[in-house]
Amino acid sequence: MDDWGIREMSETHAAGSMTDELGRRRFLGALGALGMGSLWTPAHRLLAAHAPAGCPAPPDFPVGINVFLQAFTNWTGEIAIDQVWTCQPSSADDVVVLANWAREQGYHLRARGFMHNWSPLVVTPETTCSTPVVLLDFTNALTSKEIVSNTPPAVRVGAGTSLDDLLQFLEEAGLGVTSCPAPGDLSIGGVLAIGGHGTGIPAAGESRSIGQTFGSMSNRVLSMTIVAWDPELGAYALRTLDRTDPDLQALLVSLGRTLIVDVTLQVEANENLRCESYMSISADELFAPAGSSGRTFDSFLDESGRVEAIWYPFTQNPWLKVWTVTPSKPFWSREVDSPYNYPFSDNLPDDAVNLINQILDGAPGLTPTFGGLMWTITNLGLTFDGAWDMWGKSKNLLHYIKPTTLRTSANGYAILTSRSNIQTVLNQFATKYASLMNTYSDQSLYPINGPVEIRVTGLDTSTEVDLPLSTESGLSAITPRPDHPEWDVAVWLDLLTVPQTPGSGAFYSELEAWLFDVFGETPTSSMRVEWSKGWGYTEAGAWSNTDVIELNVPQSLRAGRPPESNWDTAVERLSEFDPANLFSNDFLSVLMPQTSPSECRADFNGDGSVGGDDLATMLSHWASNNPISDIDGDGNVGGADLASLLSTWGKCLP
């Protein structure tokens, strides 16, 4: 490679090899147990009557809804809670009952899907069975699916429905999507909460079809039913908002700060896709400076629009995947009639497991060998599985990540820029990435042992919503910038490594600082974090950098956005939907603090004034840590909170 490329390395550093069965079990445990079946959920349940000491059952839990202790483990296993109170509501009405119960009892409620997430948006690592929180597993009953319109095509779907099941349902109706997240074990509610996306922009000359969007799945929302505070009822109730309602801008991507019950999505006529893989193009050529000849990333975008690069560490040639809308099967393509067509990536062979074990057990110098092995496994797998060139219905080519794949940590960022600037962004990033990897390896440091993943999408623009006067998201990582109409695409960058790899926090922190500096707010770009991935890094790891959490992230969604649809407005709307802060956790409370006006903070019943009922509520919570009455947030309802309430007695100011 030329002098900006990562040096290929074959040398390794001597270290003890621990490849026995115990080491392998340790490795598998760290990755959240490879080999699980699809749509895995924790197996054991412990009913309240059998709860162990130290795990107090939620008091006066609604009759008819079973609550039980169950484990929670996120995608990487880095958030792993042995026992957390969980229930499975059987209807939207149950969810309303639970919300009003939680308000009375001072509990939080968190929606839980299939736990395919990295960030602490559902629960934080500090959560225990004694934390006043109940997880609501929507995947058991809130799974309805119904075609509600043919022109334009639209489907109403329950929030607990898996993406796998939705796309299968659509395919049977002749409908689908041409861009979506690669895993199928995602709940629709979870996908919308974080603005889940695939890859794809219009190819040269391609026109948008009815129902199509090149943004995130959240941009498909036509209406949404949530549980929200109703001031007239003085209680939480169901509320349905359509895409023309300005209040919906806070809900299209809400980070779990609301409970979605069901949603209506615009979809499109199903398309046949061709997916071609390439492993013969060097990173030098693929990420060459803008204007270079040859097989650049930009050239594939022009030809097909849908491109993904997976670049294993210390290898020369990325794995490039290119999807092209292709109505008829090409002669050389293999037709596929089901998804997940890369079995070589679904389960690691023993050689790869052994290498990762040794890396984690003190031989990081084996990282270049591991990167080379993964490249070889991919190359051979594409050949043996006939996967170099495949063709079929959209979902069969778009879904390719199973729960049994290698579970890695990942950072994630979206760089908003113009179509003409994509190649420059990629060239700058690839140059910096390669330089950092070489600098660290020169010091015998190998904090990154997974690939770089690169995708490009459009933005969540209202012009791609088939409903006039539609609002745009206030919190989507790819909501447009009206002050920069030329920024019409997002370059997504993810960098993966096995959890607990030594030094990864420092590497991620250094790279993140550079990304914000180079792309964060410039004449040609802006950068936002990918909500579901890692960000806000210090040497201690993700979500530990208070400047990023409290300054960079909010500002990235204020800059250039209209006041009625920016970070502050969205956070304020979410607080209005949930004034009791039920649908939150400690991390979200820092990221998105309640914005209720101070003069109304003690209006607990939402009737527009602070009075006797509110005082009675506070006294019922006296000397507890109930978040409703703990006005000053010191963890105790006491004299300071009472003084605050009395100082605002009477009608709330407008």
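Taking θ as phi - 60°, what are the ³J(HN,Hα) couplings along region 460-477 by the Karplus curve (6.51, -1.76, 1.60), each to the nearest whole Hz, with x for Gly and Pro?
7, 8, 5, 5, 9, 9, 7, 8, x, 6, 5, 8, 10, 5, x, 10, 5, 4
Within the chain, which cysteines find no other Cys whose Cβ is under 4.7 angstrom from their own?
Among the cysteines of the chain, those whose Cβ sits 4.7 Å or more from every other are 87, 180, 275.
Among 145/321; 321/533; 145/393; 145/402; 321/402; 393/432, which pairs are too far apart, with a Cα-Cα distance over 29 Å?
Long pairs (Cα-Cα over 29 Å): 145/321; 393/432.
Can you tell me how the chain classifies by the Cα gyration tensor, rounded, prolate or oblate, using a/c under 1.5 as the rounded cut?
Here the chain falls in the prolate category.
Run the accessible area of the chain with a 1.4 Å probe and give the carbon-and-sulfur part as a rounded percent. Numbers along the way, then the final one.
Working: 12520 of 23900 Å².
Of all accessible area on the chain, carbon and sulfur atoms account for 52 percent.
At a Förster distance of 60 Å, what's the computed FRET efficiency of residue 128 paired with residue 171, Cβ-Cβ distance as r, to 0.05?
Here the calculated transfer efficiency is 0.90.
Let me check against my output: what whole-number percent is the relative contact order of region 110-159, with C-alpha pairs under 8 Å and at least 6 apart?
33 percent
How large is the Kirkwood hydrodynamic radius of region 203-353, in angstrom, based on all distinct alpha carbon pairs?
19.7 Å
Quick one: if the Förster radius is 35 Å, what FRET efficiency do residue 389 and residue 431 give, using the C-beta to C-beta distance and rounding to 0.05?
Working: r = 31 Å, r/R0 = 0.89.
Approximately 0.65, to the nearest 0.05.
Using a 1.4 Å probe, what is the accessible area per residue for the chain, in Å²?
37 Å²
Pop a pseudo-label 7 angstrom from the Cα along the beta-carbon direction at both residue 555 and residue 48 and give the gap in nm to one decimal.
With each label placed 7 Å out from Cα toward Cβ, I get 4.7 nm.
Return the sequence-ordered ³J(HN,Hα) values of region 137-151 in whole Hz as given by the Karplus equation 6.51 cos²θ - 1.76 cosθ + 1.60 applied to θ = phi - 60°, using x for Gly and Pro.
Going residue by residue, I get 7, 8, 7, 8, 10, 7, 10, 5, 9, 8, 6, 10, 7, 9, 9 Hz, with x marking Gly and Pro.
Ranked highest first by the average count of other Cβ atoms within 10 Å around their residues, in what order do 540-549, 127-136, 211-220, 607-616 fall?
Put in order of decreasing packing, that is 211-220, 127-136, 540-549, 607-616.
What distance in nm lies between label points placed 7 Å from Cα along the C-beta direction at residue 104 and residue 486?
6.0 nm
Express in nm, to one decimal, how much length is gained between residue 380 and residue 646 on full extension, taking 0.36 nm for each residue of separation and deducting their alpha carbon distance.
88.5 nm
I'd like the distance separating the alpha-carbon centroids of region 187-210 and region 500-558, in whole Å.
One Cα centre to the other: 24 Å.
By how many nm would the segment from residue 564 to residue 590 lengthen if fully extended, with 0.36 nm per residue of separation less the alpha-carbon distance?
7.1 nm
The values are calculated or read from the model by the stated rules, or taken from the named source; none is laboratory data. On a predicted model such as this, the values are computed, not experimentally measured, just so you know. Quick reminder, even Gly has a Cβ in these numbers, built from the backbone with ideal geometry, and neighbours come from all protein chains shown. All accessible areas refer to the heavy atoms of the entire protein, side chains included, with ligands and DNA or RNA removed. Shrake-Rupley method; radii C 1.70, N 1.55, O 1.52, S 1.80 Å.
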